[in-house]
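Encoded as structure tokens, the structure appears first; notes follow it.
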Amino acid sequence: MDLEYRYGETIKTDRQSAHAELLNTMLDRGSCRKFRKNAVPRDLVNLACAAAMAAPTKSDLQQRDIILVDDPGLKEEIAGLVSGQTWVADAPSLAVFCGNNRRQRLVHSIRGHPFANDHLDAFFNAAVDAAIALSAFVTAAEACGLGCCPISAVRNEASEVSKLLHLPDHVFPVAGLAFGYPEADKPAISMRLPLSATVHENSYKDHDIAAVISTYDDRREKAQPYGQQRATGHFGKASSYPWSEDKARQYALPEREDFGQFVRSKGFNLD
């Protein structure tokens, strides 16, 4: 794929290196929401899980777990909680990536040492560990010919998902993942903000971000227009509907207001 199409700028890279095959898979990736009916062999799933758990983890604490959902009834219940994303029910495979601070606390109990870091960082470390594992699983699965799409909407109903999966205190869902063999040869490629806006040297800079976003909006709206506008009943229908309008609308309305309450209900102190 031409990187200039995705990022809107010329990027000097070596895509013919010894590692080009894996890198090209990562550079050309896109989310897959249409899958063939074929089941993914368990050996391949295990391989992706192993790659996920080999990924970096904060201080070797290994505070992330994967719950593979293969029970049809359970899968249907979880899919039903993901509002507005009916395609999830049709995905042949579903996993939920969880942050797990419970195991660390059990280690303290086993070894007879106090748990002295019962604050926001305990939750944050486990959440980041789960996100890193999710990313590694996606990279491995897609390198093996699978298609993937993360499902952050499981956090919209975090308490219900937690009950369905019997998650104990200090274990919480971070994201779901639908995966399987893609129906199409190649997934759609989402344009991204240019690296000049998202990769910084030595210090953060965004003095010209409004102009960068405007250029990105124009380029993306021409090549990848949205099929529908978000919350037209609240905002009305816009004559132009670029990326920035969609994202501003998304966070202009309340979402997951009870998530902090849910996290505290799992035993975390967020101070």
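Values of log10 I(q)/I(0) for the chain across q = 0.07, 0.08, 0.12 Å⁻¹ run -0.30, -0.40, -0.93, by the Debye formula with one identical scatterer at each alpha carbon and no solvent.
In this structure, residue 165 and residue 207 have a Cβ-Cβ separation that, at R0 = 35 Å, corresponds to a calculated FRET efficiency of about 0.20. Near residue 239, within a Cβ-to-Cβ distance under 13 Å, what is the net charge of the other residues, with Lys and Arg +1 and Asp and Glu -1? Local net charge: -1.
For an R0 of 25 angstrom, estimate the FRET efficiency from the Cβ-Cβ distance between residue 265 and residue 109 and round to the nearest 0.05. It comes to 0.75.
Every helix of 4 or more DSSP H residues in the chain counts as -39500 (n - 2.57), and over all residues that averages to -12000 deg cm²/dmol at 222 nm. Along segment 2-10 the Karplus relation, 6.51 cos²θ - 1.76 cosθ + 1.60 evaluated at θ = phi - 60°, assigns HN-Hα couplings of 6, 4, 5, 5, 6, 9, x, 8, 6 Hz to successive residues, with x for each Gly and Pro. Approximating the spin labels as points 7 Å out from Cα along Cα→Cβ, the residue 10-to-residue 234 distance works out to 4.3 nm. 3J(HN,Hα) along segment 169-185: 4, 6, 10, 8, x, 9, 6, x, 8, 8, 8, x, 7, x, 6, 9, 5 Hz, from the Karplus curve 6.51 cos²θ - 1.76 cosθ + 1.60 with θ = phi - 60°, whole Hz, x for Gly and Pro. The chymotrypsin sites (Phe, Trp or Tyr not before Pro) of segment 32-116 that meet both conditions, a loop assignment by DSSP and at most 15 other Cβ atoms within 10 Å of the site Cβ, are 115. Our compactness index for segment 1-128, the C-alpha radius of gyration over the empirical 2.2 N^0.38 Å, is 1.42.
Residues within the reach of a label modelled at residue 37 (point 7 angstrom out along Cα to beta-carbon, backbone nitrogen below 17 Å), restricted to segment 72-109, are 72, 89-93.
Extension gain, residue 118 to residue 214, is 30.2 nm, computed as 0.36 nm per intervening residue step minus the present C-alpha separation. Under the membrane-span-like helix rule (DSSP H runs whose alpha carbons stretch at least 20 Å along the helix axis, mean Kyte-Doolittle hydropathy 0.0 or higher), the chain yields 120-143.
Annotation: the residues 25, 13, sorted from fewest to most other C-beta atoms within 10 Å of their own C-beta, follow the order 13, 25. Here the label points at residue 183 and residue 143, each 7 Å from Cα along the C-beta direction, are separated by 2.9 nm in the simple model.
Read-outs: derived from the displayed coordinates by stated rules, not from any lab. In this text the structure is predicted, and so the values were computed from the model without any measurement. Please note: Cβ atoms are built from the backbone with ideal geometry, for glycine as well, and neighbour counts cover all protein chains shown.
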